[in-house]
Every structure is written in structure tokens, then in C-alpha cells.
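Step one of this worksheet: look at the structure below.
The values are calculated or read from the model by the stated rules, or taken from the named source; none is laboratory data. If you're wondering where the values come from, they're calculated on a predicted model, not measured in any experiment. All Cβ positions, glycine included, derive from the backbone under ideal geometry; neighbour counts span all protein chains shown.
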Amino acid sequence: MPRRMPPDRFAAVVAASAQVFVAHGFQRAQVQDVADVLGVSKGALYGYATGKLALFSAALRYADGVEPLPDRSMLPVAPGLPGDLAAVVRGRLAAQLPDLELTAALLRDEPPDGVTGPQELTAVVADLYRRLSANRFGIKLVDRCAPEFSELGQVWFEDGRSLQMGAMADYLRRRGASGHLVVPGVVELVARTVVELCVLWAVHRHWDPAGTPVGLPAGREDFDDDEVVDMLTQLLARGTAPAPSVATKTGGRR
């Protein structure tokens with residue numbers, strides 16, 4: 001028998017909504033699906049959100065903890081005006097840009113004193129990974145449902161992914177030209193590989209239908225972020241490191 005939900009369970013509604021919309025997309029998802037996850041009646045959800053779009057908006061806004069949950073007096077939440085979802089995503093993207101390690105690296109002609117190209121790349125990749133991981137619910141929701149919202153799709157695929165790929169390509173091109181990094185292939189391909197590897201491990205692995213990754217010790221369900229960041233940064237830094245000079249190889253003898 002469906003149970004009633006106390007008024008402080010909005011966080012559970014947000015989590016269930018994120019789960020349903022990631023699994024089904026927006027059009028196929030139903031309010032009843034969210035109710036089923038929570039084990040409550042469909043009608044009970046209308047005390048928290050006015051309908052399906054409001055549930056999706058709540059999942060996008062609150063699932064990652066970027067925004068504080070609304071006060072109980074503000075429930076049920078409404079879906080907002082057309083374009084609000086795109087504005088939320090655009091605002092989050094804009095807020096991240098100034099503090100990105102990639103942004104700082106692009107403002108420099110070369111790595112800081114005492115920092116090699118691979119070390120700078122390590123900082124860039126680690127920072128990107130952490131930010132993706134901290135926003136993984138929102139990213140997964142937008143990636144899954146953006147094709148169903150024209151404005152949201154434009155913001156995500158053009159202002160989000162395309163600009164990120166372009167910035168990474170610009171960075172690799174500059175450091176490759178200056179000799180601080182070796183770009184092992186077409187720069188745009190390498191840039192996309194770097195970004196997509198970060199997205200795969202920071203975001204998509206958490207919804208991997210295969211479940212527990214192969215190679216984990218008994219009792220563990222997943223790799224932690226520190227392990228993944230260490231692996232990714234070492235892989236990418238070693239793959240882009242310039243070859244040692246002759247002097248380095250011979251200890252200074254020629």
C-alpha cells in the first residue's frame with residue numbers, strides 16, 4: 001500500500017526524479033514512475049511538484065546540491081517559464097569558466113616556472129574531472145534529455161560540450177607548438193579524447209548497466225575518484241610528455 005511522505009522528504013523526491021529521467025528520458029518518464037520509486041501514491045507527489053516538468057526542473061536544479069533545497073513553504077515547486085532550464089544550465093557553465101584550470105592555462109603563454117607541460121596538463125585534467133563529478137547528476141540529466149528540449153540542447157551541445165572541446169584543443173595546440181607537450185594525433189581528436197575520458201569516468205560510469213567494474217577487490221562496489229584521477233592524469237601526462245633531450249639521456253654527455 002502506498003505510504004504518505006512527510007514534508008521534509010523533498011530531497012528523496014529530487015533523487016527519485018533524477019533516477020527516473022536518466023533512465024527513461026523526459027517524454028517517456030511519467031509522474032507515476034517517480035511515485036513507484038518512492039513507494040507513494042502519484043497524488044502525494046503533487047505536494048512537492050506541480051507535474052512532470054516541475055519534477056524534472058527540481059532534479060536538474062537540486063540533485064547535485066549546487067542549489068539549496070527550497071523551503072517547505074515554497075512547495076510544491078513549479079516548472080518555471082519556458083527557457084528557465086536552459087538559463088540554469090547556461091548559468092552553471094558560465095559560473096565554472098573563470099575558475100577552471102584550463103582557463104588559467106589558456107591565459108598563460110607557457111606553464112608557470114618550475115612546472116612542466118605534463119604537470120600542467122595533470123592539473124587541468126584533475127580540475128575538469130572534479131568539476132564534472134560534482135555536477136554529474138545535472139550533466140547526465142541534460143545529456144539524456146537535451147534532445148527533447150530545443151533550447152536546452154542548444155546550450156548543452158553548443159555552449160557546453162563544443163566550447164569545452166574547443167578550449168581543450170586550443171590548449172593542446174599551443175603547448176604542442178611550444179614543445180611543452182607532444183600531441184599524439186590530430187589535436188581535435190586528442191582534445192575530444194581527453195574530455196570524453198573525463199566525462200566517462202566522472203559521470204557516465206555511475207549509471208553503468210554492467211554494475212560493479214571488473215578488477216575491484218572483494219567488498220568494493222566502485223573505484224573512488226582519487227584512483228580514477230590518478231590513473232587518468234598519469235595516462236594522459238605520459239602520453240603527451242616530450243621525449244627527454246640527448247643531454248638528459250646521457251647525463252649531460254654528448
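For (1) surrounded by 20 or more Cβ atoms within 10 Å (Cβ to Cβ); (2) in contact with a Pro (Cβ under 8 Å, 6 or more places away or on another chain); (3) not β-branched (Val, Ile, Thr), each residue gets a yes or a no:
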residue	(1), (2), (3)
Leu55	yes, no, yes
Pro68	no, no, yes
Pro82	no, no, yes
Ala86	yes, no, yes
Thr103	no, no, no
Gly117	yes, yes, yes
Thr122	yes, no, no
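Quick test of your reading of the structure: Asp159 fulfils all but one of (1) closer than 30 Å to Ala18 by Cα; (2) in contact with an Asp or Glu (Cβ under 6 Å, 6 or more places away or on another chain). Name the failing condition by number.
(2)
Scan the stretch 198-229 for residues that are surrounded by 13 or more Cβ atoms within 10 Å (Cβ to Cβ) and either modelled with pLDDT under 85 or of a type outside the set (A, V, I, L, M, F, W, C) (or both) and report the count.
5
If you check Ala49, Ala59, which single one turns out to be surrounded by 14 or more Cβ atoms within 10 Å (Cβ to Cβ) and in contact with a Ser or Thr (Cβ under 6 Å, 6 or more places away or on another chain)? Write out each step before concluding.
On the way: Ala49 fails: in contact with a Ser or Thr (Cβ under 6 Å, 6 or more places away or on another chain).
Only one candidate passes the filter, namely Ala59.
Among the residues of the stretch 166-191, what is the count of those that are assigned to a helix (DSSP H, G or I) and surrounded by fewer than 17 Cβ atoms within 10 Å (Cβ to Cβ)? Can you show your working first?
Of the stretch 166-191, the ones assigned to a helix (DSSP H, G or I) are 166-178, 187-191.
Now restrict to residues that are surrounded by fewer than 17 Cβ atoms within 10 Å (Cβ to Cβ): 166, 170, 173, 177-178, 188-189.
Final tally of qualifying residues: 7.
Restricting the stretch 70-93 to residues that are part of a loop (DSSP other than H, G, I, E, B) and in contact with a Ser or Thr (Cβ under 8 Å, 6 or more places away or on another chain), which is farthest from Phe56 (Cα to Cα)? Before the answer, list the steps.
First, the residues of the stretch 70-93 that are part of a loop (DSSP other than H, G, I, E, B): 70-71, 75-76, 78-83.
Now narrow it down to the ones that are in contact with a Ser or Thr (Cβ under 8 Å, 6 or more places away or on another chain): 76, 78-80.
Details: Pro76: 13, Ala78: 10, Pro79: 8, Gly80: 11 Å.
Filtering first and then ranking leaves Pro76.
From the list Ala126, Ala177, which one is small (Gly, Ala, Ser), out of contact with any helix residue (DSSP H, G or I) (no Cβ under 7 Å at 6 or more places or on another chain) and assigned by TED's automatic domain parsing to the domain that holds Thr233? Outline the logic, then answer.
Working: Ala126 fails: out of contact with any helix residue (DSSP H, G or I) (no Cβ under 7 Å at 6 or more places or on another chain).
Step by step, each of Ala126, Ala177 is checked, and only Ala177 is small (Gly, Ala, Ser), out of contact with any helix residue (DSSP H, G or I) (no Cβ under 7 Å at 6 or more places or on another chain) and assigned by TED's automatic domain parsing to the domain that holds Thr233.
Output yes when any residue across the stretch 45-64 is touching a Gly at 6+ places or on another chain (Cβ under 8 Å) and not in a helix (DSSP H, G or I), and no when none is.
Within the stretch 45-64, one or more residues are touching a Gly at 6+ places or on another chain (Cβ under 8 Å) and not in a helix (DSSP H, G or I).
For Thr233, indicate whether it is among the hydroxyl-bearing types (Ser, Thr, Tyr), within 15 Å of Val124 (Cβ to Cβ) and either crowded, with 20+ Cβ neighbours inside 10 Å or in contact (Cβ under 8 Å) with a residue 40 or more places away in the chain (or both).
Values: among the hydroxyl-bearing types (Ser, Thr, Tyr): yes; within 15 Å of Val124 (Cβ to Cβ): yes; either crowded, with 20+ Cβ neighbours inside 10 Å or in contact (Cβ under 8 Å) with a residue 40 or more places away in the chain (or both): yes.
Here the answer is yes, as Thr233 does meet what is asked.
Within the stretch 45-73, can you find the residues that are under 30 Å from Arg130 (Cβ atoms) and either touching a Lys or Arg at 6+ places or on another chain (Cβ under 8 Å) or of a type outside the set (Gly, Ala, Ser) (or both)? Talk me through it step by step, then tell me what you get.
So the first thing to find is which residues in the stretch 45-73 are under 30 Å from Arg130 (Cβ atoms), and the list is 55-71.
Within the stretch 45-73, Leu55, Phe56, Leu60, Arg61, Tyr62, Asp64, Val66, Glu67, Pro68, Leu69, Pro70, Asp71 qualify.
Of the residues Gly43, Gly65, which single one is free of Cβ contacts under 8 Å to residues at least 12 places away in the same chain, under 23 Å from Asp208 (Cβ atoms) and not assigned by TED's automatic domain parsing to the domain that holds Gln154?
Values: Gly43 fails: under 23 Å from Asp208 (Cβ atoms).
Just one listed residue meets the conditions, Gly65.
Kindly indicate whether any position in the stretch 148-162 is hydroxyl-bearing (Ser, Thr, Tyr), over 29 Å from Gln27 (Cβ atoms) and either surrounded by 15 or more Cβ atoms within 10 Å (Cβ to Cβ) or without any contact (Cβ under 8 Å) to a residue 60 or more places away in the chain (or both). Steps first, please.
Within the stretch 148-162, the subset hydroxyl-bearing (Ser, Thr, Tyr) is 150, 162.
Imposing the further condition that a residue be over 29 Å from Gln27 (Cβ atoms) reduces the set to none.
Taking every residue of the stretch 148-162 in turn, none turns out to be hydroxyl-bearing (Ser, Thr, Tyr), over 29 Å from Gln27 (Cβ atoms) and either surrounded by 15 or more Cβ atoms within 10 Å (Cβ to Cβ) or without any contact (Cβ under 8 Å) to a residue 60 or more places away in the chain (or both).
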